[in-house]
Amino acid sequence: MATKTYHGSCYCKRVKFEADIDLAEGTGKCNCTSCWKRRWWSVRARPEGFRLRGGESELSKYRAGSDVGHGGFCKHCGVIPYGYVDKSEWNPAAPVQYMDGRHDNWWNVPAETRHL
């Protein structure tokens, strides 16, 4: 699959971005409480392929477990449109990588994935 430019925003469209993504490099689903309740399905974009197109001042800057970070939720609609991570490992082999965040066992598949 080839890299394609995707456009995104929060629900109220105050925060807008675009990213160059190759979905063949894989996506991820986690079973921690936060991700599970939101049915979060993530995809990684390389830093040079991500472009914020407006609304950074509308983000809370909150990052779970940290006093600093990028992203956060929109102060108006509450959506988390994107987030930066300090470091990630790229896994081009798996179309979906399941993570057991509920048990802090991030690099292993949870016993149950049907609900993810």
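The values are calculated or read from the model by the stated rules, or taken from the named source; none is laboratory data. In this text the structure is predicted, and so the values were computed from the model without any measurement. Cβ: placed from backbone, ideal geometry, glycine included. Neighbour counts: every protein chain shown.
Only one of the numbered conditions (1) touching a Lys or Arg at 6+ places or on another chain (Cβ under 9 Å); (2) modelled with pLDDT of 85 or more; (3) part of a loop (DSSP other than H, G, I, E, B); (4) aromatic (Phe, Trp, Tyr) is not met by residue 98, and that is (3). Only one of 56, 25 is at pLDDT below 90, surrounded by 17 or more Cβ atoms within 10 Å (Cβ to Cβ), out of contact with any strand residue (DSSP E or B) (no Cβ under 7 Å at 6 or more places or on another chain) and over 20 Å from residue 101 (Cα atoms). Can you tell me which? The conditions single out 25. All conditions but one from (1) more than 13 Å from the chain's Cα centre (by Cα); (2) at pLDDT below 90; (3) farther than 20 Å from residue 7 by Cα apply to residue 30; the one that does not is (1).
In the stretch 1-55, the residue that is nearest to residue 72 (Cα to Cα) out of those that are among the aliphatic types (A, V, I, L, M) and either out of contact with any Asp or Glu (no Cβ under 9 Å at 6 or more places or on another chain) or not in a loop (DSSP other than H, G, I, E, B) (or both) is 52. The criterion of being acidic (Asp, Glu) and either surrounded by 13 or more Cβ atoms within 10 Å (Cβ to Cβ) or at pLDDT 90 or above (or both) does not hold for residue 86.
Listed here are the residues, each with its yes/no results for (1) within 22 Å of residue 4 (Cβ to Cβ); (2) out of contact with any helix residue (DSSP H, G or I) (no Cβ under 9 Å at 6 or more places or on another chain); (3) modelled with pLDDT of 85 or more; (4) not aromatic (Phe, Trp, Tyr).
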position	(1), (2), (3), (4)
34	no, no, no, yes
37	no, yes, yes, yes
67	no, yes, no, yes
81	yes, yes, yes, yes
